[in-house]
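A quick write-up on the structure given underneath.
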Amino acid sequence: MNKKQLNTISNKLANAFIKNKVIKPIPRKFCKNIKNSDLLRKACESKIKWPIVGFKAGGTALPLLKKLKEKEPFYASVYKKNFLQSGKKVKINKYTLGIELEVCFLIKKNFFLSKQRISKKNISKFISHMAPCLEIVGYRQRKKGVKFLGDLCSDFGANVKFLIGKRKKFKKINIENLKTFILNKINRKKIIGNTNTVYGNPINSLNFVLNKIRKDKIFLNKNFYVFTGSTVGIVPIEKKRTYIGKINKIGSVKTIIY
């Protein structure tokens, strides 16, 4: 990997991210190889000084991973500037890929002080709350579609905005098989999903992210969110529409697209 080119490309992407601009597509080599994509993502994020509210998992659909010939998802930082409450408006452009409905968890800051390896057996003690979330997915580049998992990873995880619904105190429920949907309120078109599409279940995805940020020695002196991945896939968006997402037993969340 050419460090000079990595720095040049990451500067361009970071500037586009900060100024909400769109640039020409980055070289394919940063997208085709997921290791290069992850290096670029980290280089980009190192240039952003905004407060981090949490982390997202991307590429959590097992059929997608198989199709793209990847072994695991990726994770990316989520910034306070891109984190909104349910009902807020979000402006999109033609390079917006779509909208996703996710389960998110609020993680206690004592996670960073624990030396214990995180597993599905002990993970619940670090979870404070859970909530439904909508993620608007898109590029800072003039390109469409997904050819490689690195397309999403390299461009700040392709996250544009996150909207969170009402938080509920975490309790152990059968989160592996909850029905979900996204509804276009104008034409009443409903896209049905299930939490079992998220890396088997959202707890698997959460476990993946927590172990990754620990491996990368990331530290935040505060509680933080983990957004676990789409339960309905990437749903195309129409402008001037209200979208409502609902996850059974967890709650609902909405946004207005313009």
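Things worth noting here:
- Relative contact order (%) - the range 50-257, alpha-carbon pairs under 8 angstrom, separation at least six: 33 percent
- Value at 222 nm in deg cm²/dmol, rounded to 500, when DSSP H runs of n ≥ 4 in the chain each add -39,500 (n - 2.57): -6500 deg cm²/dmol
- Kirkwood hydrodynamic radius of the range 50-257, Cα pairs, Å: 17.0 Å
- Spin-label pair LYS189/LYS168, simplified geometry with 7 Å Cα→Cβ offset, distance in nm: 2.9 nm
- Full-stretch length increase - THR8, LYS249 - with 0.36 nm per residue and alpha-carbon distance subtracted: 82.1 nm
- Of LYS88/LYS168; LYS35/LYS143; LYS89/LYS120; LYS215/LYS240; LYS12/LYS69; LYS47/LYS222, those spanning more than 30 Å from alpha-carbon to alpha-carbon: LYS89/LYS120; LYS215/LYS240
- Rh (Kirkwood; distinct C-alpha pairs) - the range 72-121, Å: 15.0 Å
- Extension gain (nm, one decimal) between ASN221 and LYS47, 0.36 nm per residue minus Cα-Cα: 60.7 nm
- Partnerless cysteines, meaning none of the other Cys C-beta atoms lie under 4.7 Å away, in the chain: CYS31, CYS44, CYS153
- Relative to one another, the C-alpha centroids of the range 17-54 and the range 157-212 are positioned 24 Å apart.
- For a straight C-alpha distance cut-off of 17 angstrom, the aspartates and glutamates reachable from LYS56 (same-chain residues fewer than eight places away being disregarded) are ASP38, GLU45, GLU72, GLU100, GLU102, GLU135, ASP151, ASP155, ASP216.
Each reported figure results from applying straightforward, stated rules to the coordinates on display, with no laboratory input. Not measured: the values here are computed from a predicted model. As a convention, Cβ positions derive from the backbone with ideal geometry for all residues, glycine included, and neighbour counts pool all protein chains shown.
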